[in-house]
Amino acid sequence: MVTLLRLLFPYWRRVLGGILVLLMVDLGQLVVPQFIRKAVNDIYVGNYTTAPRWAFLIIVVALLFSVLRFFWRYFFIGTSRLLERNLRRKLYEHTVRLDPFFFQRAKIGDVMALFTNDLQAINMALGMGMVAITDFLIYTTFSIIAMLLISPKLTAMVVIPLPLIGVVMFVLGRLIYVRFRQVQDFFGFLTEWLRDILSGIRVVKIYDTQTRLAGRYREISERFLKLNLQFALIDGLFHPAISTLAYVSLAILLLVGGSMTTTGSISLGDYVAFSSYIGMMIWPMVALGWFANLIQRGSASYERIRAYLSRRPLIKDFGNREIKDFERLTAKRLVLSLEGNVILKGVELEVFKGEFVGITGPTGAGKSVLLNTLVRFYQPDSGLVLINGVDYRDLELSSLRSLILLVPQEIFVFSMSIGDNLRVAKPDATEEEMWWALRMAGLEEDVRSMPEGLNTIVGERGVGLSGGQKQRLALARAFLSPAQLILLDESLSALDSQTESKVVESLRKLGKTVILASHRMTSVSRTDRIYVMVGGKITESGTHDQLLRKGEIYPLLWKAHSEGIRGPTPVPSHP
């Protein structure tokens, strides 16, 4: 709880303002029973002339403090909203700093739950929760002082149930924390499950698994309902228990206070004032239980958020150097392990400005991992990557990202218009520039034939585009990008041979440095120099013609590719 409340320290001025306003409001309400007390005593002795004055004062106080209630809401609720906004921003900034490898293992639905339910729980705990505990402290303190001034003996009797509230809060509060944490964790799982199904809805329909998945969803929903009911059981016991203890105080007042009134120990006005104060204390007691409930929920959610924020990205941005012009890239003895498996085993290569370099090899050779390492999505265990002779760990990440662009194997298209997808690469791109990029990628005619042109919405993950169109849109982004070194990871695999040839020619005309990792030998054969990877190592390098003459692996890859295009070589029949 203390850890959660520390979040309010930067906003202490606003919190203090809220406490002061709430103090005035509560004190104003505590004065009203005194007005009633004096009015009742006057009426009891037959003096009716003062009643209108007391009634008028009660109305004035009510109107004045109705206005002040706006301000405590502004301070307390406004602070909780500010805190939620800043915490959401912190979560987002932390999320985008995490390495891509983390999101291959993380449950995206669980991360989404942090941004929704967990932040809402913290908002309630530090907004209405603070109002509830402040109300409790002010009401309880001043109500007891006012009652002590009337009758210390009666006050001592009616506050007997108060210590029991602490016992209830301790026992049920811990259960609320545990149950709410379970509910939030399962909500993250449920969100991730639904996200996964909706993302793969085409596969679900193709394999006709709707009925089976509907059954599985019912099982998950039942489990979620059970957890919520278990939480609701504890939560349902909490408030009635607190309210019951509050009404016990009222019962004590009726028994003891009534007797004291008849014996003359206190006046009728004192009894009525006492009754008002006890009535006022019922809400603070309930508010205390509400605060304990909200703070336990908020603490559970904040622990989840703290655990997420404690995850450190693999890539540390300690560099302070900038490079604006690309001259050469050199990889020396690169070694990289992922989850205990050595993927890169001493890779060495060199690429100069303006070159078009190809990387090929069998499946699982480490081509994609190498490109991700060159762009510093992965951190090598040993070895160096030098940009213009400078260790790329000494470069600012923003400088490196603006210099090198990776078009990944799994093409991602945002659920926006085609124009907005292109502006990801260049936010201030003009329509003329965007049409140029589409033309270079061989997508211009397709987009012009669409009813909305550049404003065409491509749908969720580009569902409105074919595989080839999505790949060409990603290539158009690369053409539009100011990056000087472009890494293409199987980025031509969905193109027909004619479009592939056109795009490769466009890439050459672009004048930028390009590294293409691909299984398609027709694409690789057009490059200036080819590196062949096998088992995480560069086994041979050279031009297409050189490797056909002197290589060992490359001729086999080329032969397999050629036979795959032309068909199998006929087997001669035996006589």
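The values are calculated or read from the model by the stated rules, or taken from the named source; none is laboratory data. Values in this document were obtained by computation on a predicted structure and should not be read as measured data. Virtual Cβ from ideal backbone geometry, glycine too; neighbours counted across all protein chains shown.
Things to note:
- Out of L547, L507, L557, one residue alone is in a helix (DSSP H, G or I), out of contact with any Leu (no Cβ under 6 Å at 6 or more places or on another chain) and modelled with pLDDT of 90 or more. It is L547.
- Being without any contact (Cβ under 8 Å) to a residue 24 or more places away in the chain and within 29 Å of the chain's Cα centre (by Cα) is a property that does not hold for P451.
- Test: residue in region 210-225 that is at pLDDT below 75 and either assigned by TED's automatic domain parsing to the domain that holds W290 or outside any helix (DSSP H, G or I) (or both): yes
- The residues listed here are F101, F75; of these, the one that is outside the structural domain of S398 (by TED's automatic domain parsing) and touching a Leu at 6+ places or on another chain (Cβ under 7 Å) is F101.
- Of all the numbered requirements in (1) free of Cβ contacts under 8 Å to residues at least 40 places away in the same chain; (2) crowded, with 16+ Cβ neighbours inside 10 Å, E432 misses one, and that requirement is (2).
- Any chance T141 is buried (at least 19 other Cβ atoms within 10 Å of the Cβ), among the polar types (S, T, N, Q) and either at pLDDT below 75 or in the same structural domain as L7 (by TED's automatic domain parsing) (or both): no
- Pairs are defined by a Cβ separation below 9 Å, a sequence spacing of at least 6 or placement on different chains, a first member in region 121-133 that is more than 14 Å from F180 (Cα to Cα), and a second member that is assigned to a helix (DSSP H, G or I) and among the acidic types (D, E); the pairs so defined are N123/E84; L126/E84; G127/E84.
- The residues of region 83-110 that are of a type in the set (A, V, I, L, M), touching a residue at least 40 places away in the same chain (Cβ under 8 Å) and either exposed (fewer than 14 other Cβ atoms within 10 Å of the Cβ) or over 30 Å from A132 (Cβ atoms) (or both), listed by number, are L98, I108.
- The test for being among the β-branched types (V, I, T), farther than 30 Å from I176 by Cα and either within 36 Å of the chain's Cα centre (by Cα) or surrounded by 15 or more Cβ atoms within 10 Å (Cβ to Cβ) (or both) does not hold for V67.
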